[in-house]
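Novice: Dumping the structure here so I can ask a few things about it.
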Amino acid sequence: MTANDLAAQLAGRFAALLSGPTEFRGEVTLQLNDSEKIAEVCAFAKSDLGFDALLDLASVDNYGNDPRFTVVYELYGYGHRCHLRLKTSVSEEKPELPTVTAIWKTADWHEREAYDMMGIRFRGHPDLRRILMWEGYPYFPLRKDFPLAGRPTELPEVAFTRPAPLEGGPFVTVPGGKDTIAREPRVRNPAG
């Protein structure tokens, strides 16, 4: 059985909810049109199609577009050794999805990271709290509207005894540029 065969079975079972499958460079993707049904689709993929591992859950910020966020689930089946990607969209007004932690325990930290970095909430998650940033941190650093230079703030006694550094990373990108080489991230201060 191939990933295309499994994707066709999943698309057949949820014909009204799924678009695709599409294949690009040997990777098969299905688009879920109703994000509220993600747990139902994932439960079927695990129980009936043998996708017993959630390898990754990632979020994409489509800043300027509606819906703003895309959540990507990377599935794998150890029995048939096939990969499948599920994508669903989430609006900026209500960035929330049902959790899949009851289906795959590995979703716990993946969903916490998507919440921490992008602000996407997972309804029903057993412990949805920040995993990388400290509690009380007011921003979501991987959103495209978060400035590369960071945001200045004074948060005494949270993580540091002096003002908390929120400068972002050591690299900046050059807006525009004639090609991708010119737009590559560069060190802020090459001399130091």
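A short reminder: the numbers here are calculations on the coordinates, not readings from a lab. This structure is a prediction, so every number in the text was calculated from the model and none was measured. So basically every Cβ, Gly included, is an ideal-geometry build from the backbone, and we count neighbours across all protein chains shown.
Novice: If you add up the charges near THR99, with Lys and Arg at +1 and Asp and Glu at -1, over every other residue whose beta carbon is less than 9 angstrom from its beta carbon, what do you get?
Specialist: Values: positive: ARG123; negative: ASP108, GLU111.
Result for the neighbourhood of THR99: -1.
Novice: Take ASP61, ASP34 and order them by how many other Cβ atoms sit within 10 Å, fewest up front. Could the numbers behind the result be given before it?
Specialist: Working: ASP61 20, ASP34 14.
Lowest count first: ASP34, ASP61.
Novice: At 7 Å along Cα-to-Cβ for each site, give me the label-to-label distance between SER91 and LEU148 in nm.
Specialist: Going by the 7 Å Cα→Cβ label model, 3.3 nm.
Novice: Got the relative contact order for the range 96-146 handy, in percent, Cα pairs under 8 Å and 6 or more residues apart? Don't skip to the answer; put the middle values down first.
Specialist: On the way: 65 pairs, mean separation 17.9, N = 51.
Relative contact order for the range 96-146 comes out at 35 percent.
Novice: Sticking with this one: Please state the charge dipole magnitude for the range 1-137, taken about the Cα centre, from unit charges on C-beta atoms (+1 on K and R, -1 on D and E), reported in debye and rounded to the nearest 20. Walk me through the numbers on the way to the answer.
Specialist: Numbers: 15 positive and 21 negative charges, 35 e Å.
In total the dipole reaches around 160 debye.
Novice: Let me ask another. Would you tally the net charge around ARG130, using a Cβ to Cβ cut-off of less than 13 Å, leaving ARG130 out, and scoring K and R as +1, D and E as -1?
Specialist: Numbers: positive: ARG112, ARG121, ARG129; negative: GLU111, GLU113, ASP116, ASP127, GLU135.
Residues close to ARG130 contribute a combined charge of -2.
Novice: Could you tell me which of ASN4, TYR73, SER35 has its Cα farthest along the dipole of the range 1-110 towards the positive end, charges placed at Cβ (Lys, Arg +1; Asp, Glu -1), taken about the Cα centre?
Specialist: Comparing the listed Cα positions along the dipole, ASN4 ranks first.
Novice: Could you check the simple spin-label distance between LEU55 and GLU135, using points 7 Å along Cα→Cβ, in nm with one decimal?
Specialist: 3.5 nm
Novice: Give the separation of the Cα centroids, the range 62-124 to the range 1-24, in Å.
Specialist: Using only Cα atoms to place each centre, the spacing works out to 18 Å.
Novice: Report the charge-dipole magnitude of the range 54-100 in Debye, nearest 20, computed about the Cα centre from +1 at each Lys and Arg Cβ and -1 at each Asp and Glu Cβ. The partial results should precede the final answer.
Specialist: Working: 5 positive and 7 negative charges, 58 e Å.
That gives a dipole near 280 debye.
Novice: With Kirkwood's inverse mean 1/r over C-alpha pairs for Rh, give me the Rg to Rh ratio of the range 3-146, two decimals please.
Specialist: Working: Rg = 15.0 Å, Rh = 15.5 Å.
Rounded to two decimals, Rg over Rh is 0.97.
Novice: Among CYS82, CYS42, rank each residue by its count of other Cβ atoms within 10 Å, from fewest to most, as a rough exposure measure. Mind showing how you got there, number by number?
Specialist: On the way: CYS82 20, CYS42 23.
In increasing order of surrounding Cβ atoms, one gets CYS82, CYS42.
Novice: If you rank HIS80, HIS125, HIS110 by fewest surrounding Cβ atoms within 10 Å, what's the result? Intermediate values should be presented prior to the final figure.
Specialist: Details: HIS80 15, HIS125 19, HIS110 23.
Starting with the residue having the fewest Cβ neighbours, the order is HIS80, HIS125, HIS110.
Novice: Same structure, new question: Just add up the charged neighbours of HIS80: K/R +1, D/E -1, any other residue whose Cβ is under 12 Å from the Cβ of HIS80. Walk me through the numbers on the way to the answer.
Specialist: Numbers: positive: ARG81; negative: ASP5, ASP52.
Cβ neighbours under 12 Å give a net charge of -1.
Novice: Please give the length that would be gained between GLU23 and ASN62 if that part of the chain were fully extended, namely 0.36 nm times their separation in residues minus their C-alpha to C-alpha distance (nm, one decimal).
Specialist: Details: separation 39, 0.36 × 39 = 14.04 nm, distance 2.14 nm.
Here the segment from GLU23 to ASN62 would lengthen by 11.9 nm.
Novice: Let me ask you something else. Find the percent of Cα-Cα distances in the range 68-140 that exceed 20 Å, and round it to a whole number. If you can, show how the numbers build up before the last one.
Specialist: Numbers: 874 of 2628 pairs.
Within the range 68-140, distances greater than 20 Å cover 33 percent of Cα pairs.
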